[in-house]
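Student: Got a structure here, written out as structure tokens. Questions coming.
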Amino acid sequence: MPIDHKRINGPEESVPYELFARLSGITSEKTFEETQSANIRTDGRKFDEQRKIFLKNGVVSQAKGSAYMEMGQTKVMVSVFDPREIPNRSDYSLKGEIYCEFKFAPFSCPKRRLHQQDNEEKQYSSIMKKALESTVCLHELPNFQVDIYALVLHNDGSALSAAINAAGVALAEAGVPIYDIVASVTVGVQQGINFLDPTLSEEQMCQTQLTTEKFPNPNHAVVIISKLPMQQQLCQFHQTGYMSLDQLKSALELLTKTCETIVPLVQKCLLSLVTNSIKP
Amino acid sequence: MSLCDAEKTFILHGVKENFRVDGRDREGYRPIELETNIVQHAFGSARLRLANTDVLVAVKLEIDVPFPERPFEGKLEFFVDCSANATPDFEGRGGETLAAELANILTSAYRSPQTFNLKKLCILKGRKCWKICVDILILECGGNLFDAVSLAVKAALHNSQIPLIKSINIDGDNIELNVSDSVFDCEKLDVANAPVMVTVCKIGDQCIVDPSLAEEQCSVGSVVVAISQEYFSTVTSIGKGSLHPRTMCNSLELGQKVGIRLNKAFMETLHNIQPDEDVGFLK
Amino acid sequence: MAEQYKTLHSAKYYRDYLKNDIRPDCRQLSAFRPVIINVDSIKTADGSAIVKIGRTTVVCGIKAEICRPKPETPRQGFLVPNVDLPPLCSSKFKSGPPSDQAQVLTQIIADILENSRCINLEQLCIFPDKIAWCLYADIICLDYDGSLIDACALALISCLKVVTLPEVEYDPGLDKQQVNLEKRSPLNISCTFVATTFAIFDDKLILSDPSSEEENLSAGTLTVVTSDEELCYMHKPGGSPLNEEQITKFISICFFKLSVILRNIATY
């Protein structure tokens with residue numbers, strides 16, 4: 001790898017210390033078995049229960065709009081800047097554009113992230129862009145680009161959903177015309193159980209295939225959707241893993257229902273924004 | 001390509017009547033041509049033409065070290081290159097976003113061990129494994145790129161041969177691998193479960209598969225579904241526009257139905273390929 | 001009306017205020033903004049701190065990894081500080097490689113660390129010439145509203161004070177190491193450093209702890225860093241010259257601020 005002259009570099013090679021830890025013997029299979037038999041998740045939630053959400057707008061004074069969202073331990077910040085002319089474009093475009101950048105802070109995950117955007121972050125950026133493109137009234141911003149930056153400070157699962165939710169609030173605060181507020185929820189699926197709003201360890205468990213002898217059901221997946229609640233439209237849908245049509249439909253139903261619970265929180269946040277701006 | 005309103009209405013009405021501009025019904029594919037083993041220095045290759053969409057895929061093998069957190073597995077990587085010849089939009093850095101999107105969807109579709117078993121690529125636990133690099137070159141863009149790419153990748157992987165390793169000598173940190181002397185001592189990859197992608201496009205109130213460039217213009221929203229057997233390995237919405245949850249369910253059903261059929265026909269064709277013979281198949 | 005006046009004649013707007021010995025945010029010229037420090041809220045890091053100075057927000061997270069020491073310094077580990085100014089924190093910055101300002105800041109923070117000698121890198125060595133700790137300290141600005149060196153330095157030192165490292169057993173014969181995650185111990189930090197920034201407005205007025213607007217309008221800034229009893233770093237980019245007397249005054253202010261901050265840090 002080429003040396004990054006613009007940063008201070010450490011030793012050529014370093015490895016996470018967790019690799020040398022004594023094996024705790026906790027495998028995805030065991031965790032799943034325990035969760036299944038107890039019928040309750042490791043953090044004491046029911047399968048279809050969300051974590052507590054904290055949402056605050058106006059956290060970055062230098063940005064036009066910004067929001068901070070906590071979902072359990074997951075912490076995400078999003079800021080939105082004034083629309084600017086689309087850079088490096090010679091022809092006039094009738095529709096505006098969205099630029100999204102999703103980044104994990106180096107210390108936000110169990111394994112250290114590098115400063116450059118990796119493939120996962122690029123994919124998340126494009127999923128986020130997809131969700132927001134259908135949310136923003138792009139025809140009202142001809143030849144303009146809206147920049148949206150998301151930074152995950154602590155990733156404990158469902159970080160992308162948190163970022164999309166926060167981005168919706170930040171867009172509203174920035175006064176960018178949008179069709180509707182946007183609500184996003186993640187679900188993890190393993191063996192026919194839907195883990196709503198999964199933590200990072202649950203997300204990882206849902207991305208692996210458990211041993212087939214013990215668990216014959218091959219379903220395992222993570223599904224993320226974003227919805228415009230008033231319009232009843234899905235503005236983004238992403239699934240990865242391995243799942244049957246029936247399972248996918250039940251997950252979709254659960255997700256669309258759960259999106260509604262995000263709406264009052266966003267509304268409350270925006271309402272306080274309006275009342276604060278009216279008060280002298 | 002830009003269409004006027006009249007042209008769009010014409011396409012829209014055609015879709016409604018289940019009789020599309022080129023004579024297909026809503027679930028029909030355009031003709032597909034497939035050639036395999038055409039790149040001499042690759043371990044496996046395929047070129048696929050779906051009407052005007054042209055894709056070339058080459059597979060290369062390398063010896064690598066497994067990821068420390070997954071010592072029993074090999075690696076599979078996708079690289080997409082959008083040639084500037086394919087469409088004027090790809091000039092300069094224009095194709096990069098699409099290339100990244102294609103590579104991401106492929107990675108996501110092949111992630112589950114149910115679709116492609118990476119454990120078979122492990123040579124020595126935690127020390128040595130095979131890394132499969134799939135290089136995808138988009139030569140021409142005639143709509144429905146995702147489906148064409150997924151089929152071409154599947155064909156190229158089917159065509160690939162992994163050299164057999166005769167013996168492993170371990171001496172402290174040095175590992176010596178002995179590859180069989182005969183070039184014919186090879187193992188084929190199992191691609192029976194490798195996902196095929198189907199792009200479902202909503203035009204008017206109906207959903208269609210395999211949209212042409214003109215039809216892609218009329219679409220209000222598209223979903224790419226990757227089908228492995230009858231299971232979904234990846235579903236992702238692409239392009240601008242949103243869908244109602246009910247439409248989403250319909251698209252998923254349609255995608256699954258077409259995907260299973262497409263996979264069956266494609267697997268049959270792959271098995272019918274004789275060495276040193278070019279085969280095209282029409283549906 | 002005031003809003004338009006501010007955007008059109010920002011320098012004059014400030015001068016009008018400063019004539020009356022007050023700043024537009026109601027601070028006295030020598031007043032500091034309130035400081036908030038929050039530690040250990042990010043559980044994925046081995047230590048973390050969030051610092052707010054007024055609206056300026058900086059987060060620092062330290063992640064430890066295992067590596068091999070350099071052959072020149074077989075008994076030392078590594079501490080790698082990096083300051084990141086992402087486009088998220090201000091419209092001044094674009095995405096891509098670190099901006100000039102970020103590179104300068106990174107270097108300043110690294111110099112402060114070295115000059116203050118607050119951490120002895122030998123405690124990061126697990127077995128000489130074989131295995132050592134590498135601490136990656138990533139300092140990210142979340143809201144850019146001036147006096148960034150102050151915030152970065154404070155975030156880094158607060159973070160270093162709360163870092164805990166797991167115990168490692170190393171067997172030189174087998175060249176194998178085992179990490180005991182349950183048993184963690186803190187680092188030994190020998191001193192605390194505090195940075196204080198002043199802006200020099202119109203060659204004569206001195207504004208302490210300037211906001212980003214004040215920094216832009218000022219001809220130059222001065223940053224003084226003190227650690228315990230000593231002066232460990234000074235940075236004065238641009239602008240008007242200062243005499244000895246003024247600088248001595250700044251240094252004494254900085255020592256005073258250090259004592260206040262030390263009292264606060266001691267409570268957590």
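The values are calculated or read from the model by the stated rules, or taken from the named source; none is laboratory data. Nothing here was measured: the structure is a model prediction, and the numbers come from that model. Note that each Cβ is placed from the backbone with ideal geometry, even for glycine, and that neighbours are counted across all protein chains shown.
Student: Just checking, does segment B:236-252 include any residue being assigned to a strand (DSSP E or B), more than 22 Å from residue B:12 (Cβ to Cβ) and within 7 Å of chain A (Cβ to nearest Cβ)?
Tutor: yes
Student: If you go through segment C:25-51, how many residues are within 14 Å of chain A (Cβ to nearest Cβ) and without any contact (Cβ under 8 Å) to a residue 24 or more places away in the chain?
Tutor: 7
Student: From the list C:82, C:115, C:120, pick out the single residue that is within 7 Å of another protein chain (Cβ to nearest Cβ), out of contact with any Leu (no Cβ under 9 Å at 6 or more places or on another chain) and of a type outside the set (Lys, Arg).
Tutor: Numbers: C:115 fails: within 7 Å of another protein chain (Cβ to nearest Cβ); C:120 fails: within 7 Å of another protein chain (Cβ to nearest Cβ).
Exactly one of C:82, C:115, C:120 is within 7 Å of another protein chain (Cβ to nearest Cβ), out of contact with any Leu (no Cβ under 9 Å at 6 or more places or on another chain) and of a type outside the set (Lys, Arg), namely C:82.
Student: If the Cβ limit is 8 Å and pairs must be 6+ apart or interchain, which residue in segment A:107-135 that is away from chain C (no Cβ under 14 Å) and free of Cβ contacts under 8 Å to residues at least 24 places away in the same chain pairs with which residue that is of a type in the set (A, V, I, L, M) and crowded, with 20+ Cβ neighbours inside 10 Å?
Tutor: A:119/B:103
Student: Regarding residue A:124, is this residue over 14 Å from residue B:100 (Cα atoms), surrounded by 17 or more Cβ atoms within 10 Å (Cβ to Cβ) and not charged (D, E, K, R)?
Tutor: Values: over 14 Å from residue B:100 (Cα atoms): no; surrounded by 17 or more Cβ atoms within 10 Å (Cβ to Cβ): yes; not charged (D, E, K, R): yes.
Taking the combined requirement at face value, the residue does not satisfy it.
Student: Only one residue in B:258, B:224 is surrounded by 13 or more Cβ atoms within 10 Å (Cβ to Cβ), among the aliphatic types (A, V, I, L, M), over 23 Å from residue A:224 (Cα atoms) and within 14 Å of another protein chain (Cβ to nearest Cβ), so which one is that?
Tutor: B:258
Student: Right, residue B:119: basic (Lys, Arg) and at pLDDT below 90 or not?
Tutor: The answer is yes for residue B:119.
Student: Mind checking which residues of segment B:52-85 are among the charged types (D, E, K, R) and either under 17 Å from residue B:158 (Cα atoms) or in contact with a helix residue (DSSP H, G or I) (Cβ under 9 Å, 6 or more places away or on another chain) (or both)?
Tutor: B:54, B:60, B:69, B:70, B:73, B:75, B:77, B:81
Student: Select the strands (runs of 3 or more DSSP E) contained entirely in segment B:43-134, then report the ones holding at least 1 residues which are within 14 Å of chain A (Cβ to nearest Cβ). I'd like the intermediate steps shown before the answer.
Tutor: Details: elements: B:44-50, B:53-64, B:75-82, B:122-124.
Once the strands (runs of 3 or more DSSP E) in segment B:43-134 are filtered for at least 1 residues that are within 14 Å of chain A (Cβ to nearest Cβ), what remains is B:75-82.
Student: Restrict the check to segment B:9-21 and report whether at least one residue is assigned to a loop (DSSP other than H, G, I, E, B), buried (at least 18 other Cβ atoms within 10 Å of the Cβ) and under 23 Å from the mean Cα position of the chain (by Cα).
Tutor: The initial filter retains those residues of segment B:9-21 that are assigned to a loop (DSSP other than H, G, I, E, B), namely B:17-21.
Of the ones still in play, those that are also buried (at least 18 other Cβ atoms within 10 Å of the Cβ) are B:20.
Now drop any that are not under 23 Å from the mean Cα position of the chain (by Cα), which leaves none.
No - not one qualifying residue is present in segment B:9-21.
Student: From the set of residues in segment B:202-229 that are farther than 20 Å from residue B:22 by Cα, at pLDDT 90 or above and not hydroxyl-bearing (Ser, Thr, Tyr), which is farthest from the chain's Cα centre (by Cα)?
Tutor: Among residues in segment B:202-229 that are farther than 20 Å from residue B:22 by Cα, at pLDDT 90 or above and not hydroxyl-bearing (Ser, Thr, Tyr), the one farthest from the chain's Cα centre (by Cα) is B:223.
Student: Report, by residue number, each residue of segment C:60-79 that is touching a Leu at 6+ places or on another chain (Cβ under 7 Å) and within 28 Å of residue A:101 (Cβ to Cβ).
Tutor: Across segment C:60-79, the qualifying residues are C:60, C:62, C:64.
Student: In this structure, does residue C:110 turn out to be facing chain A (nearest Cβ under 7 Å) and assigned to a helix (DSSP H, G or I)?
Tutor: For residue C:110, the condition - facing chain A (nearest Cβ under 7 Å) and assigned to a helix (DSSP H, G or I) - is met.
Student: Being within 30 Å of residue C:137 (Cβ to Cβ) and among the aliphatic types (A, V, I, L, M) is the filter; apply it to segment A:79-114 and report the residue that is surrounded by the fewest Cβ atoms within 10 Å (Cβ to Cβ).
Tutor: Going through segment A:79-114, the residues within 30 Å of residue C:137 (Cβ to Cβ) turn out to be A:79-81, A:99-114.
Restricting the remaining residues to those that are among the aliphatic types (A, V, I, L, M) gives A:80, A:105, A:114.
Working: A:80: 28, A:105: 28, A:114: 11.
The qualifying residue surrounded by the fewest Cβ atoms within 10 Å (Cβ to Cβ) is A:114.
Student: Given (1) more than 13 Å from chain B (Cβ to nearest Cβ); (2) more than 19 Å from residue A:43 (Cα to Cα); (3) in a loop (DSSP other than H, G, I, E, B), identify the lone condition not met by residue A:171.
Tutor: Failed condition: (3).
Student: Which of the following residues is within 14 Å of chain A (Cβ to nearest Cβ), at pLDDT below 90 and out of contact with any Cys (no Cβ under 7 Å at 6 or more places or on another chain): C:243, C:180? Please lay out each step first, then the result.
Tutor: Numbers: C:243 fails: within 14 Å of chain A (Cβ to nearest Cβ).
Just a single option satisfies the conditions, and that option is C:180.
Student: For segment C:94-106, indicate whether the set of residues that are within 8 Å of chain A (Cβ to nearest Cβ), of a type in the set (Val, Ile, Thr), farther than 30 Å from residue C:170 by Cα and crowded, with 24+ Cβ neighbours inside 10 Å is non-empty.
Tutor: no
Student: While we're looking at this one, here's another question. Going through A:149, A:92, A:99 one at a time, which residue ends up being closer than 21 Å to residue C:58 by Cβ and not in a helix (DSSP H, G or I)?
Tutor: On inspection, the qualifying residue turns out to be A:149.
Student: Within the set of pairs 6 or more residues apart or between chains, which connect a residue that is more than 10 Å from chain C (Cβ to nearest Cβ) inside segment A:45-62 to a residue that is assigned to a loop (DSSP other than H, G, I, E, B) and surrounded by fewer than 16 Cβ atoms within 10 Å (Cβ to Cβ) with Cβ atoms less than 9 Å apart?
Tutor: A:46/A:39; A:46/A:40; A:47/A:39; A:47/A:40; A:51/A:43
Student: Now, a different point. If a residue has to be surrounded by fewer than 23 Cβ atoms within 10 Å (Cβ to Cβ) and either in contact (Cβ under 8 Å) with a residue 40 or more places away in the chain or in contact with a strand residue (DSSP E or B) (Cβ under 8 Å, 6 or more places away or on another chain) (or both) to count, how many in segment C:195-207 make the cut? Full working, then the answer.
Tutor: In the first step, residues of segment C:195-207 are kept if they are surrounded by fewer than 23 Cβ atoms within 10 Å (Cβ to Cβ); the result is C:200, C:202-206.
This time we only want the ones that are either in contact (Cβ under 8 Å) with a residue 40 or more places away in the chain or in contact with a strand residue (DSSP E or B) (Cβ under 8 Å, 6 or more places away or on another chain) (or both), so: C:200, C:202, C:205-206.
Count: 4.
Student: Another question, then. So which of A:258, A:208, A:240 ends up being at pLDDT below 95 and within 23 Å of residue A:54 (Cβ to Cβ)?
Tutor: A:258
Student: Quick one: which of A:252, A:248, A:234 is more than 18 Å from the chain's Cα centre (by Cα), within 14 Å of chain B (Cβ to nearest Cβ) and at pLDDT below 95?
Tutor: A:248
Student: Further question on the same structure: Take the residues in segment A:63-89 that are within 13 Å of chain C (Cβ to nearest Cβ) and aliphatic (A, V, I, L, M); name whichever of them is nearest to the chain's Cα centre (by Cα). Walk me through it before giving the result.
Tutor: Taking segment A:63-89 and keeping what is within 13 Å of chain C (Cβ to nearest Cβ), we get A:63-68, A:70, A:72-84, A:87-88.
Filter once more, so that each one left must be aliphatic (A, V, I, L, M): A:63, A:67, A:76-78, A:80.
Numbers: A:63: 21, A:67: 14, A:76: 9, A:77: 11, A:78: 11, A:80: 16 Å.
That would be A:76.
Student: Still on this model: Does residue C:138 count as within 9 Å of another protein chain (Cβ to nearest Cβ), within 22 Å of residue A:15 (Cα to Cα), in contact with a His (Cβ under 9 Å, 6 or more places away or on another chain) and not aromatic (Phe, Trp, Tyr)?
Tutor: yes
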